[in-house]
Amino acid sequence: MASTRSRPKVSLLLAVPLSTVLFLFALFAFTGVPRFRADPSLGVFSLFRTLETGTNIIDHRKETAPRWLYHGLHAGPAMVWCVAIPLQHIDGLRMKWPIFHRINGYTALTVSLIQSISGVLFLIYGYAYTHQNLLHIHYLCIRGKWIPPFLWPTFEAGLWVYAPIFVFTLARTVQTARSRNLAQHRKWAVLHTIAGYVIAINRLNLTVLLALGDILTWLPVRTREFLLGSPSFTEVVDMEISAFAGAAAYAYVIAGIWAVTQVTQRGQTPSRKAVLEKATES
């Protein structure tokens, strides 16, 4: 058996759950977060609150960001993307209805472009939930001590690196589709999908942090103070901004590993000799 590279692929076992998570978070932009998550008195990591009002970042954006930007160019297109992208990775659907695959694909790529623009506008207009110093480095700290090797950039700094990568995979996906280079188109479509699911992985990381915050809330006060001290409101906000940035940073790491495994994985295909022997036997 001769070894060869397998075709890159996004499994629906990953795509559907990730799209579902991302769809729900996008929906919160319209409905607000569930009421039990909107209480400003919740403990650290349970809210991701803003310094201005103490409300969670989603509800704060819902009230302060322009609707044309937050709903029209960001959350709404994200919901369309979450539905369209998994459909693009159903092989049977692509072969049976190629016209639908093409139309759905251009729909997904169009909303990808819209989200790219809205994401940059969020940064320009100052709606990002991030540290004031762009070049600040966050780190994992327990009882005032750094826990190596956990360091990560601010949320905004990470986005300025991520955005060009997302747009580049988008452009290459469109280019290879128009040139009908199917092998390269498949590769870049997979890479663009993974780049898009960075946001979903980020949301999963945030969900884990929210669960951690709930666990900390249930711990005895003495234990909680042993781990976190007695942070002021401002310190709680700083800790949550740091955790928010960490959720994004490690989403980039996870997605990067996922992308590398897809473009470098090797599969087994029959050698020329094995094919000829099988043909002779039949």
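The values are calculated or read from the model by the stated rules, or taken from the named source; none is laboratory data. The model shown is predicted, which means the values in this text are computed figures rather than measured ones. Note: ideal-geometry Cβ built from the backbone for every residue, glycine included; neighbour counts use all protein chains shown.
Key figures
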| quantity | calculated |
| --- | --- |
| Tally of residues being hydroxyl-bearing (Ser, Thr, Tyr) and either at pLDDT 90 or above or over 19 Å from THR130 (Cα atoms) (or both) across region 33-54 | 2 |
| Close pairs (9 angstrom Cβ cut-off, 6 or more residues apart or separate chains): closer than 24 Å to VAL111 by Cβ in region 45-73, acidic (Asp, Glu) and in a helix (DSSP H, G or I) anywhere | ILE57/GLU240 |
| Among the residues listed as LEU140, LEU159, the single one being farther than 30 Å from TRP81 by Cβ and either within 21 Å of the chain's Cα centre (by Cα) or surrounded by fewer than 20 Cβ atoms within 10 Å (Cβ to Cβ) (or both) | LEU140 |
| Failed item in (1) over 20 Å from the mean Cα position of the chain (by Cα); (2) surrounded by 18 or more Cβ atoms within 10 Å (Cβ to Cβ); (3) among the small types (Gly, Ala, Ser), with GLY54 passing the rest | (2) |
| Considering residues of region 87-102 that are hydrophobic (A, V, I, L, M, F, W, C) and surrounded by 12 or more Cβ atoms within 10 Å (Cβ to Cβ) only, the residue nearest to SER11 (Cα to Cα) | ILE90 |
| Flag if ALA177 is of a type in the set (A, V, I, L, M), surrounded by 14 or more Cβ atoms within 10 Å (Cβ to Cβ), over 17 Å from the mean Cα position of the chain (by Cα) and in a helix (DSSP H, G or I) | yes |
| Qualifying residue in region 136-156 (condition: at pLDDT 95 or above and assigned to a helix (DSSP H, G or I)) | yes |
| Enumeration of residues in region 72-86 that are farther than 16 Å from VAL174 by Cβ and surrounded by 17 or more Cβ atoms within 10 Å (Cβ to Cβ) | LEU73, HIS74, ALA75, GLY76, PRO77, ALA78, MET79, VAL80, CYS82, PRO86 |
| Complete set of residues in region 199-234 that are assigned to a loop (DSSP other than H, G, I, E, B), in contact (Cβ under 8 Å) with a residue 12 or more places away in the chain and on the phi < 0 side of the Ramachandran plot | PRO231 |
| Counted residues, region 103-137 - those being of a type in the set (Val, Ile, Thr), closer than 22 Å to ALA247 by Cα and either crowded, with 18+ Cβ neighbours inside 10 Å or without any contact (Cβ under 8 Å) to a residue 24 or more places away in the chain (or both) | 3 |
| Check on ARG224, under 19 Å from THR130 (Cα atoms), among the basic types (Lys, Arg) and buried (at least 16 other Cβ atoms within 10 Å of the Cβ) | no |
